[in-house]
Structure formats: structure tokens, C-alpha cells
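This report refers to the structure that appears directly beneath it.
The values are calculated or read from the model by the stated rules, or taken from the named source; none is laboratory data. The structure displayed is predicted, hence computed values, not measured ones. For neighbour counting, all protein chains shown are included, and Cβ atoms are generated from backbone atoms with ideal geometry for every residue, glycine included.
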Amino acid sequence: MEAGFVKVAEKYELTTEKVKAVKVGGIDVLLANVDGVFYAISLKCTHMGGDFSKGQLEGKIVTCPKHHAQFDVTTGKVVSHPKMALLHPKAKDAKTYEVKVENDNIMIKT
């Protein structure tokens with residue numbers, strides 16, 4: 001294994017359009033499979049800490065279960081801010097992590 005990468009899952013655990021919460025060096029990360037390519041972003045929404053693994057992944061967009069903010073898991077960019085009556089809160093982009101696959105092992109760089 002290359003220095004700095006930690007195994008977090010195996011490919012069979014994450015079919016297309018599925019997500020999984022993993023921990024890397026004490027950091028909570030969301031691992032997502034988008035059309036057979038794996039991506040990793042912060043597990044918690046930047047708005048109010050909603051757990052993305054409890055949200056919905058459609059294509060490359062994950063929706064926070066708390067206030068429905070949407071993020072592109074391939075870039076970490078906000079694509080739709082939280083939805084709250086009479087308020088217009090803003091979310092910040094999510095942190096992304098480098099992912100690589102060796103054999104059937106999915107690894108994230110720490």
C-alpha cells in the first residue's frame with residue numbers, strides 16, 4: 001500500500017449509487033460509489049452537521065437528511081443550499097479526500 005493511504009472498505013461493500021460512513025485517522029468520511037468510481041467527502045453536512053450516510057445519493061449528488069442541502073460528491077461543492085422556511089442559510093463546500101483502489105481494496109489518503 002502506498003504511504004498515506006488507509007484501507008476503508010472493499011469494492012463489493014459499495015455497489016453503484018451507494019454510500020458508506022467510514023473513519024480515517026479519527027476523521028468521519030463519506031465514501032460514495034458513482035458509476036463504479038469511488039469518492040470521499042466529509043461525512044457531516046457543513047450547514048448543521050447532518051450525516052450524509054443517512055441521506056440520499058442520486059447520481060453524484062448527495063442530499064443531507066436534515067435540511068436537504070445538496071453536494072456533489074465528486075468535488076465537494078454545494079449544488080443546492082439548505083431549505084428552511086423563511087431562512088436562506090448557506091452551506092460551505094465539503095472537504096474531499098483522495099481515493100484509490102488497489103485490487104478490491106478501497107483506500108483513502110489521510
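Overview of results
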quantity: Of all residues in the range 1-26 being in contact (Cβ under 8 Å) with a residue 60 or more places away in the chain and of a type in the set (A, V, I, L, M), the one that is nearest to residue 51 (Cα to Cα); calculated: 22
quantity: First in the range 79-104 and β-branched (Val, Ile, Thr), second anywhere and modelled with pLDDT of 95 or more and assigned to a loop (DSSP other than H, G, I, E, B), Cβ under 9 Å, 6 or more apart; calculated: 96/73; 96/74; 96/75; 96/76
quantity: The one condition in (1) within 21 Å of residue 104 (Cβ to Cβ); (2) under 12 Å from the mean Cα position of the chain (by Cα); (3) small (Gly, Ala, Ser) that residue 36 fails to fulfil; calculated: (2)
quantity: Residues that are of a type in the set (A, V, I, L, M, F, W, C) and modelled with pLDDT of 95 or more, drawn from the range 46-63; calculated: 52, 57, 61, 62
quantity: Tabulated pairs, the range 49-60, first within 14 Å of residue 33 (Cα to Cα), second of a type in the set (Asp, Glu) and assigned to a strand (DSSP E or B), C-beta under 6 angstrom, 6+ apart or interchain; calculated: 60/72
